[in-house]
Amino acid sequence: MDMPLNSEDKKEKLADTGFISEKIKQRPINRKKLLRRTAITFFLAIVFGIVACFTFLFLQPLFSNRLYPEAEPEPVSFPEETIQDELTPEEMYVDNNAILEDEVQNLEASQKEQIDAALASYSFSASDYGKMMSSLKSVAAEVSTSLVTVTAVSSDTNWFSESFESSGSASGVVVANNGTSYFIVTPSAAIQEAESIRVTFCNGAVATAELSLSDDVTGLSVITVRRSTLTESTRDKVNTAALGSSNTGTLTGIPVIAAGSPIGIQDSISYGIITSEKTALGLEDSYYKLLTTDIYGSTLGTGVLTNLNGQVIGIIDMSYNTDDLQNHICAIGITELKGLIEDLSNGKNRPYLGVHGATIPADVQNSMNIPAGAYITKTELGSPAMQAGIQSGDIVTSINGAEVSTYEQLVSKLNLCYPEQTATFTVKRQGPNDYIDLEIEATLTSATHN
């Protein structure tokens, strides 16, 4: 009888696998499938890279602005002018003589004789004239670093439906730099209907500009160029113009430089003198003054007038010349323009009333019993003033409760208002026997646009 196997015998039997012989055969590689998967993986990697790149480009400015917000640039402003009584040429002559006499008294007789002899024997030569003109040219060269050429570019179509690019240009002047942008004053006519505005700086660098605001009264605009679009070398060469004063009272007869394109050619300069400075332009809601010169230029001339210190005293505008002096360079005085330039640079829309006026001299007021105020000489057709009922001959004595005693005060207080505001004017109007008081409300419109 067979005996059953114990557990140890079973283990021994199970472990005996010597009779098993197995050979593992490697599976063949499908090269086409592998190549296809590699191509798909490579394509997906490219797609992922493109998506990641565009996502970064779109989101990076948002994250940067949130994590590192850019500081709000300071608004453009100019120092307020203080009108000082300047010496007349006669007073200067007297004072200089007095000073000279005091100094001469302290000199020994021999020194005085030597000085008198030297002055008597000295005569100016062509070399001296050349030095003087060279000095003027150096001032003009310094001014040119703040001048630019503004070009309006637009697409058009000719008779054969072929598109082409047309452009016009004028001179502009850099009046401010707030660390973020350059602010440039230029004639509005030069950039009308422009699809893009191109600015060429003093070193030939070109950048694209954006319109800040245009003034419909003066026909001047302020455009801006981002500093970040210019190279560091260009930023080092571009200067902000120094704005002088056109309200000193003694400008007539002083030498000036016309720079920009006074003869209609870019980067041209001319020299001359101021021939008049008190002519009022007569534009509505303003009291701008016109500076005239003996400089012969182009009726299309643009640019700036500067004194011999290189300070801008006027923006050239040839549209106000009389018929018999069409080619003589004239400019709008810079003093009255500073407030306008500030508003245009800061994007502040100016209100529009549409009145012309004057200040009646005090002696005329007393002799003719005329009340003090802003005398209205004309109202523009269809203007808020005409629609409200303000007439020529009216005398405005207050605006929104603020007293007005001169036309200049009316303009200043009007500029504190804003478009679409309803302003209240107190007006004195000539009656059969005396002036009668009227209260007139006028809804202002805008004198600016962008």
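Read the figures in this text as sums done on the coordinates, not as results from a lab. These figures come from a predicted structure and were not determined experimentally. With ideal geometry, Cβ positions are generated from the backbone for all residues, glycine too; neighbour counts draw on all protein chains shown.
Observations, loosely collected:
- Listed values for segment 433-447 are Karplus-derived 3J(HN,Hα) couplings in whole Hz (6.51 cos²θ - 1.76 cosθ + 1.60, θ = phi - 60°), namely 10, 8, 6, 10, 8, 10, 10, 10, 9, 10, 8, 6, 10, 9, 9, and x replaces Gly and Pro.
- Potential extension, Val364-Ala52 segment - 0.36 nm per residue separation minus Cα distance: 104.5 nm
- Long-range amide H partners of Tyr288 with built H, under 5 Å: Leu281, Gly282, Leu283
- Cα gyration tensor shape of segment 147-237, rounded if a/c is under 1.5, else prolate or oblate by comparing a/b with b/c: oblate
- Cα gyration tensor category, rounded, prolate or oblate, for segment 211-272 with a/c compared to 1.5: prolate
- A prolate overall shape is assigned to segment 351-449, the ratio a/c of its alpha-carbon gyration tensor axes (a ≥ b ≥ c) being 1.5 or greater and a/b exceeding b/c.
- Listed values for segment 378-384 are Karplus-derived 3J(HN,Hα) couplings in whole Hz (6.51 cos²θ - 1.76 cosθ + 1.60, θ = phi - 60°), namely 6, 10, 6, 4, x, 6, x, and x replaces Gly and Pro.
- Order of Ser446, Ser367, Ser221, Ser268 - criterion: other Cβ atoms within 10 Å of each residue's Cβ, fewest first: Ser367, Ser446, Ser268, Ser221
- Order of Asp323, Asp343, Asp116 - criterion: other Cβ atoms within 10 Å of each residue's Cβ, fewest first: Asp323, Asp116, Asp343
- Close amide H contacts of Thr302 (hydrogens built in the peptide plane, cut-off under 5 Å, sequence separation of 5 or more or a different chain): Ser171, Ser261, Gly264.
- Order of Thr240, Thr248 under a 10 Å beta carbon neighbour criterion, fewest first: Thr240, Thr248
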